[in-house]
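Data block below; observations after.
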Amino acid sequence: MLEVSQITKVPTAPGYMRGVVNVRGQSVPVVDLRLRFGLPKGKETVHTRIIVMELELDGETAVLGGMADSVHEVIELEPGNINPPPTIAMRWRSEFIQGMGKRDDDFIIILDFNAVFSSEDLALVDAAATQKEEAVVA
């Protein structure tokens, strides 16, 4: 998890892509999760964070940063505390939900980021980040 730092905009990137950031010397594309989920763009605050994720799509590992309004806590849930997502009465598209976690009396929605981003999405993001890296080197 990173604080929002200098995000370098990338021309021709999809609208939900904010740009790229340097993470340990590597260009990592940053996606605005609000826009990706069809929500209105949020206002950046001191609580805005970038969550760095490794996704596996088509047998390839891709590193991606996701902008979140805030992060309250990072926890590990025991597998016994994770249930499949409910199949009815869901406001969200259930294919984006990996499961429902339970901690004490609270339920936690566990997103399936591999489902949120298709291979085509990541190819666009990766191509835009590669273009930016090439432009910086040239």
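Figure the gain on full extension for S5 and T45 (residue separation times 0.36 nm, minus the Cα-Cα span) and round it to one decimal in nm.
Numbers: separation 40, 0.36 × 40 = 14.40 nm, distance 1.17 nm.
Taking S5 through T45 to full extension adds about 13.2 nm, to one decimal.
Tell me, L77, L33 in order of fewest to most beta-carbon neighbours within 10 Å? Please list the in-between numbers first.
Numbers: L77 13, L33 20.
With the sparsest Cβ surroundings first, the list reads L77, L33.
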>> Once you place label points 7 Å from the Cα toward the Cβ at I110 and F37, how far apart are they in nm?
In response: 1.7 nm
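Give a quick list of GluC sites (Glu not before Pro) in segment 6-104 that DSSP marks as loop, anything other than H, G, I, E or B, with at most 16 other Cβ atoms within 10 Å. Let's see the in-between values first.
On the way: sites: E44, E54, E56, E60, E73, E76, E95; in loops: E44, E73, E76.
Taking segment 6-104 and a limit of 16 other Cβ atoms within 10 Å, the loop GluC sites (Glu not before Pro) found are E44, E73, E76.
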>> Given a Förster distance of 25 Å, report the FRET efficiency between T61 and M100 from their Cβ-Cβ distance, rounded to the nearest 0.05.
In response: 0.45
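Coordinate-derived values only; no laboratory data. Since we're looking at a predicted model, the values are computed, not measured. When we count neighbours, we look across all protein chains shown, and the Cβ atoms used for this are built from the backbone with ideal geometry, even at glycine.
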